[in-house]
Each structure stands twice: as C-alpha cells, then as structure tokens.
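We did not get these values from a lab; they are worked out from the coordinates using the rules stated. Because the structure is predicted, anything quoted here is derived from the model rather than measured. Heads up, the Cβs are rebuilt from the backbone with ideal geometry, glycines too, and the neighbour counts pull from every protein chain shown.
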Amino acid sequence: MKYEHKLFQGKTLAILSGGGDTPAINSSIEAIRNRASLLGFKVYGILQGWKGLLGDGDVVDLTHQPYDGYYGGTALRSSRTNPFPSKKNPESRVPQVLRNFERYKIDVLVTIGGDDTNGAAKRLFETEGIPVIGFPKTIDNDLRTRTIHHYNGKDIEAVMCPGFPSAAQSMMEFTANLKTTAESHSRILVMEVMGRDAGWLTGTAIFGGASLGLIPEFEITKERKEVFFETVKEAYMHSKKRCLVIPVSEGTRWFDEKTGKVDVVYASSELDEYGHPRFGGVSGIIASEISSRLGVEARAQISGYYPRSGHCRHYDRRLTSTLADKVVDLLLREEYGQMPVMKRIVPNVELEEFNTTSIDMGAVGNKPLSDDYYDISKFAFTDAYRDFLTNILGKPDCEDFRYDFPVVIP
Ligand code: F6P
C-alpha cells in the first residue's frame, strides 16, 4: 500500500542557504528535504540565499529530486544578500521577499546560515510573521549554539555548528601536510586560517601537529609581541626537527610598528551587505617579522578557502541529520523563530535527537573561543580544547618520520 503523506499535504517548505559556504550545506539540505517531504510538504529550494526571493524569485523544486548530500558547498548556491537596508544597499527589499512568499505560496522557510542570514530571518519572523526555522552553519564555529562541553567536572560553553567538523578535519590534514615541508627546510610556516572574530578553526591545527597559535580574541599588543617572539624562539629550538607550523586567525589583531597601533589586516576594506570587510595578509607580516627578529626562515601560507571546500565529512553528515530530526520536531509543534542545536558536545555515535534542543534565533550572536580553550600567556590551546576536538576528530593526525639515522663520524 502506498504511504500517504497527509500531515502537511498542500503545504510548502522552502530552504535557502546564505553567507559563506561550508562542506555540510548540501548534507543539511538533503536531510531537511528528506524529512519535510516525508511529512507531506512540497519542498522548494531558493537559489542564492535571500537573492532568490528578490525580483521574480529564483526557486527550484527539490521534493522528489535526487540529491547528493556528500558533495561539498551548496547546490542551492549562496550570496551575502541582506533583505534589510544596509550601508551598501539602503533600500529595503523586504516587500520583494514578501511578494515572492505569496507568489510561490511558501508556508515555512528554513534558512541555513550564520548570524547574518539567520538574523535577517528572525527579523522577518518578528516583523512580518513569516514562519522561519534557522539551521546553523559556519566553518568559523562562532555562532552561539549554547552547546555544553563537559570537561573535568566543569561545564564549558562551546559551539557545534555544521560545517565546522569538516573544516576542522581539513585543517588538521592541511597542517599535518605543511609540517613535512616545514621540516624539510627547518622553517617556520605561519599558516593563516579563516576566522574574522574567533579562533575555533585556527585551534584545530593542534591536531595536525601545531603547538602555538594566534586568535582574534586576544590583541597582540607591543608587549605581548615581545613575549610571542620569545615563545616562538623557545618552541623552535626545542622542536625535534627545528620547524614549526604556527596557525594564526585571519582576524588576528597585531601591533604595527609603523602606526604604533594594534589592528587587523584587510584584503579589501569594501564592506558586504552585512557590514563585513574582507580580512587577509596578517600571516605575511608575522612571518617576515619572525624572520627578521629570530633570524629563522619563516614563510606565510594562507589556507584560505581550503577548509571551506570539499566533501562533507562523517561527523558533519551525522550532525546535519540529527539537527534535521529536530527540525521535524519544530515543524510538528509549529515552533518558529527557533534554531536546532546540540545540547552537549558528544562523539559521533551520540549524535542523536535526544541530545538536541532548540534556541531562539534572536539569542544567537557570535561566540568567541572560551577562555578555557586558549592560554594567552603561552599562546597555546589548552587540554580542554584538545578534549573538545577529540569528540569531533578522534585522534590527531601528526605522525613523525619514524626513523633516526646514526651520524657517520669519519
Ligand atoms: O563564512 C565566514 C568566513 O568563512 C570568514 O571566516 C571569512 O572571513 C569569510 O567567510 C570570507 O568569505 P568570502 O570571501 O566568501 O566572502
């Protein structure tokens, strides 16, 4: 007997993805689509984030289409379009969004995004009564999900955002790979990692063999810079192979000798529609100062879009399915303006719906790396952060060359 989808028959759920892509967005779309269509919804995909709800709209039908959730990025494509007025675009495009909502007869909208996309969705929910459910996404992992990491008898406020686990795995592998070239040349490689405001992703390099790192949460003042050079020198001299990979966040605030000020380094000062400039280049400055101060060869390597690219990894696959299960719960209860999140930091096998909850999308905002995870006096990530990462990555990937050769004495 054919299963009849009755519950939400005649209703339409639309999905959009906005902001920077991640390897887990297609997985999220597929998981939400599968569950929503089982509930009886017709499922639409809105192309290019909010942009797909402007003009005549750009909408596709996902209901019975094959979908590849392992493939990275987003098949619905993305944009940083803001429906609300911004400095870059002072005109409100909310009336266009509302018109398309009517035209396409959308009953519920699921927005896969970070603080910007979900913030705009929440505003639409509050001001226009549009039923929205936010779905978290960012490789930076700085979207406040209020997920608790229980470590050594303490409850630490952590974050668990789809996209981060895949990016973390890529950064671990990338760092471990860089180590072999750094070793071969006895160099220091200063590796720049995405993260405008938070060092969550930068810290994942410790699972690829890095020890020190710089994150946006702490300014590197003139005084701190001196201590940093000393710490780098020590670490370099004590490293087995005379080499270091030092991860630094793109948003690192570094003391500039010329201006006498602490500042970030911009790749472009042009702002997007949410008011963000583009960062980039701090690794080059730090590497050249390390070279001249310590007399050691140092080079910069920008990891850039690498952690954002590629397929969805295993942890993310389960995480997106689990959070999509919570979306079903929200749909059944007709609870809108909410975002599904993990209650606790758990290993892969415990990614189950009973470990999820939902939070008000208005209470999201940015969450920097907790003080429990980084020790500025040592410029190092702590054991608590290692434990957090163990849940996601299992074991570190930092093998050393296995053999030592006897020295020949002539
Ligand atoms: O999505 C956030 C992020 O990954 C930031 O870390 C980074 O600054 C930004 O995206 C860059 O995105 P794009 O170059 O695509 O605008």
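Given region 110-173, report the % of alpha carbon pairs whose separation exceeds 18 Å.
49
Could you estimate the translational diffusion coefficient of the chain from the Stokes-Einstein equation, with Rh from the Kirkwood formula over C-alpha pairs, at 20 °C and 1.002 mPa s, in whole µm²/s? Please list the in-between numbers first.
Details: Rh = 22.4 Å.
Here the translational diffusion coefficient equals 96 µm²/s.
Return the distance in nm (one decimal) between the two label points of a simple spin-label model at residue 239 and residue 297, each offset 7 Å from Cα along Cα→Cβ.
1.3
For residue 405 and residue 38 in the same chain, what is the full-extension length gain: residue separation times 0.36 nm, less their Cα-Cα distance, in nm? Kindly include the intermediate steps, with their values, before the conclusion.
On the way: separation 367, 0.36 × 367 = 132.12 nm, distance 6.24 nm.
Residue separation times 0.36 nm, minus the Cα-Cα distance, leaves 125.9 nm.
Based on other C-beta atoms within 10 Å, arrange 142, 329 from fewest to most.
Values: 142 25, 329 15.
Ranked by crowding around the Cβ, least crowded first: 329, 142.
Would you pull out the residues with amide H under 5 Å of residue 302's amide H, same chain only if 5 or more places away, H placed 1.01 Å from N?
HN-HN under 5 Å from residue 302: 192.
Give me the Debye-computed log₁₀ of I(q)/I(0) at q = 0.18, 0.23 Å⁻¹ for region 96-145, equal point scatterers on Cα only, no solvent, two decimals.
For region 96-145 at q = 0.18, 0.23 Å⁻¹, log10 I(q)/I(0) is -0.57, -0.83.
Rank these for me by crowding, 145, 356, 259, 231, going from fewest to most other beta carbons within 10 Å.
The order, fewest Cβ neighbours first, is 259, 231, 356, 145.
Considering amide H positions built from the backbone, and no H for Pro or chain starts, which residues 5 or more places from residue 110, or on another chain, come under 5 Å of its amide H?
The answer is 14, 15, 16, 133.
Kindly provide the trypsin sites (Lys or Arg not before Pro) of region 1-56 that DSSP labels as loop, not H, G, I, E or B, and whose Cβ sees at most 10 other Cβ atoms within 10 Å.
Hits after loop and neighbour filter: 2, 6.
In the neighborhood of residue 77, defined by Cβ-to-Cβ distances under 13 Å, what is the net charge if each Lys or Arg adds +1 and each Asp or Glu adds -1?
Combined, the nearby Lys, Arg, Asp and Glu give 0.
Suppose every Lys and Arg Cβ carries +1 and every Asp and Glu Cβ carries -1, with no other charges. What dipole size does the chain come out with about its Cα centre, to the nearest 20 debye?
520
Subtract the Cα-Cα distance of residue 70 and residue 126 from 0.36 nm times their separation in residues, and report this length gain in nm to one decimal.
Values: separation 56, 0.36 × 56 = 20.16 nm, distance 3.40 nm.
Extra length available between residue 70 and residue 126 comes to 16.8 nm.
Could you put 249, 309 in order, starting from the residue whose Cβ has the fewest other Cβ atoms within 10 Å?
Details: 249 29, 309 16.
Ranking 249, 309 by Cβ neighbours within 10 Å, fewest first, gives 309, 249.
Going 7 Å from the Cα of residue 266 toward and past its Cβ, which residues in region 178-203 have a backbone nitrogen under 19 Å from where you end up?
Zone members listed by number: 195-198.
If you look at just the Cα atoms of region 199-340, how large are its Rg and its Dmax in Å?
Expressed in Å, the Cα Rg and Dmax of region 199-340 come to 19.8, 64.
On the first, second and third principal axes, largest extent first, how far apart are the outermost C-alpha atoms of region 60-209 in Å?
So the three principal-axis extents are 62, 39, 38 Å.
Please list the non-local residues whose amide H lies under 5 Å from the amide H of residue 338, H modeled 1.01 Å from N, same-chain partners needing a gap of 5 or more.
Those lying under 5 Å, H to H, from residue 338 are 134, 361.
Could you give the Stokes-Einstein D for region 269-410 in µm² per second, using the C-alpha Kirkwood radius, 4 °C, 1.567 mPa s?
Calculated translational D: 64 µm²/s.
If I stretch the segment between residue 276 and residue 177 completely, what's the gain in nm (0.36 nm per residue apart, minus their alpha carbon distance), one decimal? Don't skip to the end; give the middle numbers.
Working: separation 99, 0.36 × 99 = 35.64 nm, distance 3.13 nm.
My answer for the length gained is 32.5 nm.
In terms of the ratio Rg/(2.2 N^0.38 Å) built on C-alpha atoms, what value belongs to region 288-371?
The value comes to 1.68.
Given q = 0.18, 0.29 Å⁻¹, what are the Debye log10 I(q)/I(0) values for region 163-232, with equal point scatterers placed on the Cα positions and solvent ignored?
-0.76, -1.30
First obtain the Kirkwood hydrodynamic radius of region 122-254 from its Cα pairs, then insert it into the Stokes-Einstein equation at 4 °C and 1.567 mPa s, and state the resulting D in µm² per second as a whole number.
Rounded to a whole number, D works out at 78 µm²/s.
Pull out a ≥ b ≥ c, the square roots of the eigenvalues of the alpha-carbon gyration tensor of region 1-102, then state rounded if a/c is under 1.5, prolate if not and a/b is larger than b/c, and oblate in the remaining case. All intermediate terms of the calculation are to be shown ahead of the outcome.
Numbers: a/c = 3.14, a/b = 1.51, b/c = 2.08.
Verdict is oblate for region 1-102.
Have a look at 82, 26, 348 and tell me which one the Gaussian network model of the chain (Cα, springs below 10 Å) gives the largest fluctuation.
348
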